[in-house]
Amino acid sequence: MKANGTVIKYGDNIDTDVIIPARYLTTALPEELAKHCMEDIDKDFVSKVKKGDIMVGGANFGCGSSREHAPIAIKASGISCVIAKDFARIFYRNSINIGLPILECNEASEDIDAGDDVEVDFDTGIITNKTKNKTYQAAAFPEFMQGIINAGGLVEYIKKNN
């Protein structure tokens, strides 16, 4: 499984309230959440994001509350993958549970710039920055996690495998 897209980049400590502001938590509809994704930190995000784009963040991405709305908003906006130095643990788990691929890679987080064309191979964990002609190594997803992501999330994975 691979993702390929243009990078939209953010810094350290991007919390769930920045990803989807609390004032929009009156809905759980992915398409409604996507309309407001990142708006408090990047007013242009929803107009510039294209299906398949890749989000790159710094340290402690997804910190804050434990709500699933944040990774749902990111996925529904069209982002195919999030790469960061590291993720808040509950955000990491919520992302996998809803089928949003996320990879931890310090070197990629630091070196990749906004606008770079990046490809991610989830089977090997290799991140290729086509713009800079560089590769970075993240941990590959174990087979069972790939199954969850490929199914579109944990609920669909369980339905499919029971």
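The values are calculated or read from the model by the stated rules, or taken from the named source; none is laboratory data. As the structure is a prediction and not an experimental result, all values here were calculated from the model. Cβ sites come from the backbone with ideal geometry, for glycine too, and all protein chains shown count toward neighbours. Note: areas computed on protein heavy atoms with side chains; ligands, DNA, RNA excluded. Shrake-Rupley method; radii C 1.70, N 1.55, O 1.52, S 1.80 Å.
Here are some notes:
- Which listed residue is surrounded by 15 or more Cβ atoms within 10 Å (Cβ to Cβ), assigned to a loop (DSSP other than H, G, I, E, B) and out of contact with any helix residue (DSSP H, G or I) (no Cβ under 9 Å at 6 or more places or on another chain), from ASN13, ASN4: ASN13
- Among the residues of the range 111-146, the ones that are in contact with an Asp or Glu (Cβ under 9 Å, 6 or more places away or on another chain), modelled with pLDDT under 95 and open to solvent by 70 Å² or more (accessible area, probe 1.4 Å) come to 1 in all.
- Within the range 24-38, considering residues that are assigned to a helix (DSSP H, G or I) and touching a residue at least 12 places away in the same chain (Cβ under 8 Å), the one surrounded by the fewest Cβ atoms within 10 Å (Cβ to Cβ): GLU31
- Top-ranked residue in the range 47-92 [being outside any strand (DSSP E or B) and in contact with a Lys or Arg (Cβ under 6 Å, 6 or more places away or on another chain); ranked as surrounded by the most Cβ atoms within 10 Å (Cβ to Cβ)]: GLY58
- Checklist (1) in a helix (DSSP H, G or I); (2) touching a helix residue (DSSP H, G or I) at 6+ places or on another chain (Cβ under 9 Å); (3) surrounded by fewer than 16 Cβ atoms within 10 Å (Cβ to Cβ); (4) of a type outside the set (Ser, Thr, Tyr) applied to ILE41, failing item: (1)
- Being part of a loop (DSSP other than H, G, I, E, B), open to solvent by 60 Å² or more (accessible area, probe 1.4 Å) and of a type in the set (D, E, K, R) is a condition met by no residue of the range 148-157.
- If you go through the range 93-109 and keep only what is open to solvent by less than 40 Å² (accessible area, probe 1.4 Å) and either in a helix (DSSP H, G or I) or without any contact (Cβ under 8 Å) to a residue 12 or more places away in the chain (or both), you end up with ASN94, SER95, ILE96, ILE98, ALA108, SER109.
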